[in-house]
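Chemist: Next up is a structure, given as structure tokens.
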Amino acid sequence: MSEEISRQEKVSITLYDGVSMEGVVCVNMPSECGRLSDFLNQIDQFMYLSCEDDDWLINTDFIRFVRSL
């Protein structure tokens, strides 16, 4: 039986138009697939990014790459 884990991970996201932003995503995944890449692969259309000044709902079709900080 897999146990759900939830953790916050600081990331840098770069969009196809060149815009980059840094913030925190909340990764909710079973413990056996708790990597950031697993989380990103299971997202349907939008992801929530909490930045220092603003919060964003990002269409994943526009994300060029994401990296952990």
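Chemist: What ranking do TYR48, TYR16 get, fewest neighbouring Cβ atoms within 10 angstrom at the top?
Modeler: If I rank by nearby Cβ atoms, fewest first, I get TYR16, TYR48.
Chemist: So if each residue of separation counts as 0.36 nm, and I subtract the Cα-Cα distance between ASP53 and CYS26, what length gain in nm does that give?
Modeler: 8.0 nm
Chemist: Sticking with this structure for a sec: How big is the dipole moment of segment 4-62 about its Cα centre under a simple scheme where the beta carbon of each Lys and Arg is +1, that of each Asp and Glu is -1, and everything else is neutral? Debye, nearest 20, please.
Modeler: Dipole magnitude for segment 4-62 comes out near 220 debye.
Chemist: Right, another one. Expressed as cubic angstrom per residue, what is the convex hull volume of the alpha carbon set of the chain?
Modeler: Residue-normalised Cα hull volume stands at 80 Å³.
Chemist: Report the extension gain between PHE65 and GLN45 in nm, rounded to one decimal, defined as 0.36 nm multiplied by the number of residues separating them, less their alpha carbon distance.
Modeler: The span from PHE65 to GLN45 would gain 5.7 nm if fully extended.
Since every read-out is calculated from the coordinates, none of them should be taken as a lab result. Given the structure is predicted, the values throughout are model-derived calculations rather than measurements. Quick reminder, even Gly has a Cβ in these numbers, built from the backbone with ideal geometry, and neighbours come from all protein chains shown.
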